[in-house]
Every structure is written in structure tokens, then in C-alpha cells.
1. How much length is gained on full extension from Glu257 to Ala286, taking 0.36 nm per residue of separation minus their Cα-Cα distance?
2. Quick check: the distance between the Cα centres of segment 271-334 and segment 96-165, to the nearest angstrom?
3. Find the relative contact order for the chain and round it to a whole percent, using C-alpha pairs within less than 8 Å whose residues are 6+ positions apart.
4. So if R0 is 35 Å, what FRET efficiency would Lys438 and Ser47 give, r being the distance between their Cβ atoms, rounded to the nearest 0.05?
5. With n ≥ 4 as the cut-off for DSSP H runs, can you work out [θ] at 222 nm for the chain, using -39500 (n - 2.57) per run divided by the number of residues, rounded to the nearest 500?
6. Under the rule of at least 5 residues apart or a separate chain, name every residue whose amide H is placed under 5 Å from the amide H of Leu349.
7. Report the charge-dipole magnitude of segment 205-319 in Debye, nearest 20, computed about the Cα centre from +1 at each Lys and Arg Cβ and -1 at each Asp and Glu Cβ.
8. Please figure out what share of the DSSP beta bridges in the chain is antiparallel and state it in percent, rounded to the nearest 5.
Amino acid sequence: MKRIFLVLILAFLLPSCVSRKVEKPPAKKPLNILFIMTDDHAEQAISSYGSKLIDTPNIDRIANEGIRFTNSFVTNSICAPSRAVMLTGKYSHLNGLRDNRDRFDGSQMTFPKLLQKAGYFTAVVGKWHLKTQPTGFDYWNVLIGQGPYYNPTMIANGDTLSHTGYTTDVITDITLDALKNRDPDKPFCMLYHHKAPHRNWMPAPRHFAMYKDEDLPLPETFFDNYESREAAAHQDMRIADMYMSMDMKLMPEDFGEETGTGGHGTFDAVKSWIATYNRLTPEQKAAWDAHYDPIRKDFREKQPTGKDLAVWKYQRYMKDYLRSVAAVDENIGRVLAYLDENGLAENTLVIYTSDQGFYLGEHGWYDKRFMYEESLGMPLVMRLPGMIKSGEVSDAMVLNLDFAPTFLDIAGVEIPEEMQGNSLRPLFDNQTPDSWRKSMYYHYYEYPHGWHSVKQHYGVRTYQHKLIYYYNDNIWELFDLLQDPAELNNIYGVAGNEAITAELKEELLQLRELYNEVESSGP
Ligand code: CA
């Protein structure tokens with residue numbers, strides 16, 4: 001039985017390892033690449049993914065005119081590591097960036113370097129977050145670290161420049177300028193990467209009116225008690241524990257002592273929030289105060305506690321998160337219009353994604369990190385007229401690991417053997433080849449350092465099941481995603497699941513061997 005299973009695994013894994021031949025794209029003109037990414041944008045906040053919380057017409061436009069992936073996942077659900085996976089096409093343990101403390105080794109092979117070598121104009125504008133200077137780009141203009149929501153300081157090819165305005169708008173202005181000023185004789189690869197909607201969710205004044213007089217629905221699992229999931233209970237990422245200051249935008253006179261734990265034991269949230277507020281211009285402050293003063297007054301009058309406070313925080317969090325998304329979607333519309341107006345829509349691959357998913361109150365949480373669906377998933381839509389038919393939806397299992405090979409394939413550049421992902425091009429006609437992956441491997445490393453206290457874990461997801469191993473504590477979790485899509489019922493060790501458990505453990509081992517991660521803690 002085991003041998004048959006191994007043969008089956010090899011049958012679908014091998015083609016993806018050895019078949020690296022790239023056919024030249026049929027297009028006459030070289031294809032451009034516009035790689036749009038946000039930070040922490042969940043599928044639950046995109047209308048083409050069925051969101052009832054917000055309309056995102058411009059992201060939807062990309063999906064409607066191209067392909068939307070419903071099983072798109074990250075291999076390590078945290079900001080900088082996901083970006084490093086995308087640049088290199090390699091898992092975290094091989095590209096060297098396991099968690100947000102690590103620095104990206106810019107001397108290694110990346111897809112922008114290979115495209116630049118092939119004659120592309122390569123650029124990155126906006127969030128970079130990899131600690132070392134960007135390499136492989138003709139033009140780079142990036143935020144320092146996380147970057148603020150207002151009045152960002154950015155580094156442009158080594159020069160530090162301060163900007164006044166809303167960062168989502170500023171990043172778009174710079175992106176459009178870079179596209180206008182590029183060498184028109186070269187194809188371009190533009191990485192247009194937003195800071196939004198990363199914490200602490202500060203909207204633009206023009207979106208303050210959204211959701212002003214309405215309440216958003218609570219997710220069904222908001223009051224999850226983590227029964228049967230001991231590892232899930234161990235975290236500091238509950239909305240109920242958000243900071244009163246930095247997250248809720250209240251001032252100390254509204255709440256007295258900071259009671260939110262906010263995910264970090266030693267972070268001075270009050271000091272940080274006051275400094276953030278004081279960076280606003282007088283005009284921005286006036287607009288800000290006109291919106292938030294009534295909210296602060298409401299809090300002082302109600303003084304919610306317990307469950308009421310958790311729900312109050314959820315409403316505050318979600319409204320500011322969604323308003324931040326609204327600015328992103330508007331600005332994507334500006335860039336799509338630029339492509340239309342300049343005859344570039346026909347020969348440009350447009351991709352929209354986020355560096356991972358996010359919790360919008362599911363399990364009572366915000367943030368990411370866990371291998372559960374909301375943060376394992378990432379939105380992924382792509383448009384390329386002539387190669388991708390409009391209105392397609394694919395349930396093929398695709399990863400952020402696949403981006404680099406896809407871009408190289410589109411450009412007609414050979415995909416290096418060392419890249420571990422697969423070009424998504426065979427999926428463009430919405431036919432999933434039999435050899436396509438039927439399981440994916442995940443590994444999260446950031447513990448005990450950093451934010452939110454989520455224990456290290458790795459695991460495997462198939463179309464039906466997910467097996468997670470929290471190796472610090474030797475805890476296993478098994479979910480049947482068809483029976484239990486919300487992942488509330490851990491069936492590991494429950495009688496009747498012995499065969500599937502053994503099968504998934506074998507699969508996990510095979511994947512760890514395939515990706516050369518056999519040396520770290522194993523089952
Ligand atoms: Ca992120």
C-alpha cells in the first residue's frame with residue numbers, strides 16, 4: 001500500500017520537478033508584467049471572492065477580464081517571508097528569510113534580476129520590507145520598513161525623499177510616473193506594492209463616510225473557544241485584545257491605562273500612536289479629528305467591557321480596514337486606466353495578490369501566521385488578453401512559490417532548476433493538467449520572537465484535508481475541510497481517521513524531502 005502511494009506521489013511530483021522547458025509565448029510584442037500586491041488583504045474583503053463587506057470594482061475587473069484562483073496559498077503566512085518566496089521561487093529555508101527578523105540576501109537569484117538581464121525595465125514602488133536594499137531593479141522607490149499611512153519617507157534608488165499625502169495615493173502617483181518615464185523600447189516588469197491594508201488601518205479622509213451609520217456582521221466563529229485546538233488557543237491576536245490606542249485610535253484621556261495586549265509584550269502602543277498622530281499635517285489632523293472625535297466621545301459615554309468591548313473593537317477594526325482597502329481599489333483603477341489609455345492592456349500581464357490572507361474576526365482574530373484557511377489563502381487574480389480567457393475561475397492549487405516561474409515563463413526566459421514553484425501558464429486555459437500538484441507544504445517559523453505568540457508549525461493541505469504539526473509542543477491537528485470548512489473540529493487521534501492520518505503523514509514527509517527540508521524537526 002505504502003509503495004503504491006509513493007509511486008502515485010512521484011507520478012504527480014516528478015513532472016513539476018523536471019519539466020522546466022519554456023515555450024516561447026505566442027504574442028508578437030514582448031509581454032509586460034504589472035505585479036500589484038497589497039499587504040494583508042484577505043479574500044473575505046474582495047467582492048469577486050464573494051465578500052459582503054465591500055465592493056472592489058477594480059480588483060473585480062481584473063478577475064472578470066481574466067482568471068480568479070480559489071485555492072491560492074502562501075507557504076509561510078507572514079509579510080517579509082512571503083515576499084522573499086515570491087522573488088526567489090524558493091521556500092523560506094532555502095531563500096534564508098524564515099521570519100520578519102531576517103534580512104533578505106540580495107545577492108541571490110531573483111526573477112527581477114533574470115528579467116532585467118533579459119532586457120526588461122524592472123521597477124519596484126511601495127512596500128519592500130526586506131531590510132536590505134532592492135537588487136535587480138532599474139528603478140526602485142520604496143518605503144522604509146513598514147512605512148506609515150500618511151506622509152511617507154521613501155528611498156528612490158538610494159535617495160531619501162519625503163512625501164506629503166496618503167501613502168496609497170503617493171505610491172500610485174510614483175508608479176504612474178515611473179511607467180510614463182520608462183524606456184518605451186523595453187518591456188517592463190513593474191512591482192506596484194502597497195502598504196495597505198496592513199495594521200494599523202488608517203483610512204484616507206475621503207473614505208471616512210463609509211460604514212458611518214451601519215454595523216458590520218460578526219463572523220460566526222468570532223467567539224470561538226478553541227475547543228479541541230490547544231495550539232490555536234495559544235496566541236495573542238484576538239480582536240478583544242487590540243490596543244485601545246494604536247488600533248482603536250483612542251487617546252489616553254479616553255481610556256486611561258492601555259489595556260490591550262496587542263500581540264507584543266514590550267511595545268509602547270500609546271507612545272507609538274501619539275507619534276503617528278502627530279505626523280499628520282494640520283489639514284490632515286482637522287479631517288481626522290472631525291471623524292474620530294465623535295467616536296472617542298461615544299466610547300467615553302458607553303465604556304464597553306467584556307464581550308461588548310470585543311464587538312465594539314471589531315466594528316472599529318473592520319471599518320478602518322475596509323476603508324483602507326477602498327483606497328487601494330480606487331488607485332488600482334487609476335493604473336488600469338493608464339494601461340487602457342496607452343495601449344498597454346493587450347500585452348500586459350496584470351496580477352493582483354496580497355502577501356497573505358488575514359483574519360477579519362474569524363476565530364476572534366486579526367493578523368495571520370496560522371495555517372488555517374483565512375491566512376493560508378491569498379487572493380490571486382490575473383489578466384492577460386489572448387492567453388487568459390475572461391471570466392475564468394480555477395480551483396487548481398497554486399502558491400506564491402509559483403509567481404517567479406510564471407513571470408519568467410510569460411517573458412520567455414528560462415526558469416532556473418533551483419526554483420521550486422511551477423509556472424501557472426498551463427492553467428491559463430482553465431484546464432488543470434493531471435500532473436499538477438494535489439497537495440501543498442507550509443512552514444511558519446516566527447516563535448518565540450516577534451509578534452502574536454503563534455507557535456512554529458508545518459503541515460500539508462490537500463483538497464480535502466489539512467494536517468498541521470506544532471513541533472515545539474508535539475501537537476497535531478487534522479481537519480476535514482469538506483465536513484468542517486471553518487476548522488473548528490480537530491479530528492487528529494479520533495477513531496476512524498487512522499488511515500487518512502497515516503497517508504497525510506507520509507505525504508508530509510515526501511514534501512519535506514522534495515523541498516529539502518528534511519533536516520529540521522520532523523514528525
Ligand atoms: Ca502581510
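1. Details: separation 29, 0.36 × 29 = 10.44 nm, distance 2.57 nm.
Between Glu257 and Ala286, full extension yields an extra 7.9 nm.
2. 29 Å
3. On the way: 1036 pairs, mean separation 133.0, N = 523.
Taking the mean separation of contacting Cα pairs over the length of the chain, I get 25 percent.
4. 0.75
5. Values: 14 runs with 165 residues, N = 523.
-9500 deg cm²/dmol, from helical runs alone.
6. Sorted by chain and number, the residues that satisfy this are Asn32, Ile33, Leu34.
7. Taking the Cα centre of segment 205-319 as origin, the dipole is about 400 debye.
8. Antiparallel bridges: around 55 percent, rounded to the nearest 5.
Only the coordinates and a few stated rules stand behind these numbers; no lab work does. Please read these numbers as outputs of a predicted model, since none were measured by experiment. Heads up, the Cβs are rebuilt from the backbone with ideal geometry, glycines too, and the neighbour counts pull from every protein chain shown.
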